[in-house]
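What follows draws every value from the coordinates through simple rules; no lab data is involved. Everything quoted here is computed from the prediction, not taken from an experiment. All Cβ positions, glycine included, derive from the backbone under ideal geometry; neighbour counts span all protein chains shown.
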Amino acid sequence: MPEELAPKIAVIGGGQLARMMAEPAAALGIPLRLLAEADGVSAAQVIVDHEVGDYRDLDALRRITQGCAAVTFDHEHVPTEHLHALEEDGIAVRPGPEALVHAQDKGVMRAALGALDVPCPRNAIVADVAEAEAFGFPCVLKTTRGGYDGKGVWFVRSAEDAAEPFEAAAATGVQILAEERVDFRRELSALVARSPSGQVAAWPVVASEQRDGICREVIAPAPDLDPDLAIEAQQIAMRVAGELGVTGVLAVELFETNDGRVLVNELAMRPHNTGHWTQDGSVTSQFENHLRAVLDLPLGAPDARAPWTVMVNILGGAGQDSASTARLYDGYPHALARDPRLRVHLYGKGLRPGRKVGHVNAYGEDLEDCLERARHAAAWFAGELGEESE
Ligand code: ADP
């Protein structure tokens, strides 16, 4: 093995977030070691030092973290008791189990934010349909654990609608959180990185467009956002990061209401889809600052490089499968020739309808131009445009 010039970081989970940590890790000379869920997954294609194993298996976690200074995550699903065990082994767990539980369990998150007086939608844990009815319809019911990309979220208008979430919760042994259905103007995201020493870097607040619970598009900074509201959103994120003791990136997803308030929807304690724009649009990307924070190094500047950056996700289209994956690369000659300033990030994942397989970033002086370029490229890669639409 070559001599290592920096402490090694173990990363649990082989998705695209771990893959995108590899780029700044290589630049900084920080060795990564990966626990991948299967051979050939997104991050295992680029992190040479990897092993296949189950993140629920403490032995696998111990094997992968042995000799590492710190462990961090591609996802938030590692069981809390295993994280405590790793801490007892002397590994720096970042973010630590006490912080991470707030991103794992929406009930715990709501209780903590309530105690901190952070503005949230009205909410309560409800035990059955009758309690949901007493909370008031229409409302949103969510499983407290295990949801992602809109799975585990139900918009409910009646007792009849409410039956399914409780059945789903009973099957998996989780609780149901009821939330008022917020009438929002748009969704915002306030992204910060915090180091164990307490240094915090806050990126500009962005607007994200979600469809069917999946992030499609991000505009940085959020257009026409009231500067006071932007500061409030950043202060919420910095305060939550400090109070919960987060290390690494924290994404605070917010609703901007029609009456000009921000309410917290969700917390994520890892690099986040709403921060992918930072790879090309800011001085220091979320992936680099995440690694710096994990090692308690000084954080890099989060300033934007250009007035606007637009990120658009590339999602698999209807009828696509792994056999059509090569056509993503077929998109390069057109997309790269059409827009030499376009930044493309593909994840090495097979196509499936609705699956995130990559994203593009376009930055520049003019928002409409950035939107057109990024949307066109993403649609082209997704196979939604043909030659005739040129
Ligand atoms: P996930 O864990 O799957 O990301 P979220 O809690 O973020 O789930 O909910 C997914 C989407 O559902 C949100 O991005 C938002 O569009 C919508 N949503 C969630 N909670 C509410 C709410 N209280 N009121 C209105 N819409 C909501």
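Below are the figures for this structure:
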| read-out | value |
| --- | --- |
| Column: log10 I(q)/I(0), Debye, Cα scatterers of the chain, q = 0.08, 0.12, 0.13 Å⁻¹ | -0.42, -0.98, -1.16 |
| Loop-resident sites, segment 1-107, for GluC sites (Glu not before Pro), counting at most 16 other Cβ within 10 Å (DSSP) | GLU3, GLU4 |
| Lys pairs under 22 Å by Cα in the chain, provided they are eight or more residues apart or on distinct chains | 5 |
| Summed residue charge, Cβ within 10 Å of TYR55's Cβ, Lys/Arg positive, Asp/Glu negative | -3 |
| Cα centre as origin, Lys/Arg/Asp/Glu Cβ charges: segment 29-125 dipole, Debye | 380 debye |
| Cα centre as origin, Lys/Arg/Asp/Glu Cβ charges: the chain dipole, Debye | 540 debye |
| FRET efficiency for ASP259 and PHE137, using Cβ-Cβ distance with R0 set to 25 Å, rounded to 0.05 | 0.70 |
| Amide hydrogen neighbours beyond the local backbone of ARG352, cut-off 5 Å, H modeled | GLY316 |
| Label-point separation in nm, THR172 to ARG305, each point 7 Å along Cα→Cβ | 3.8 nm |
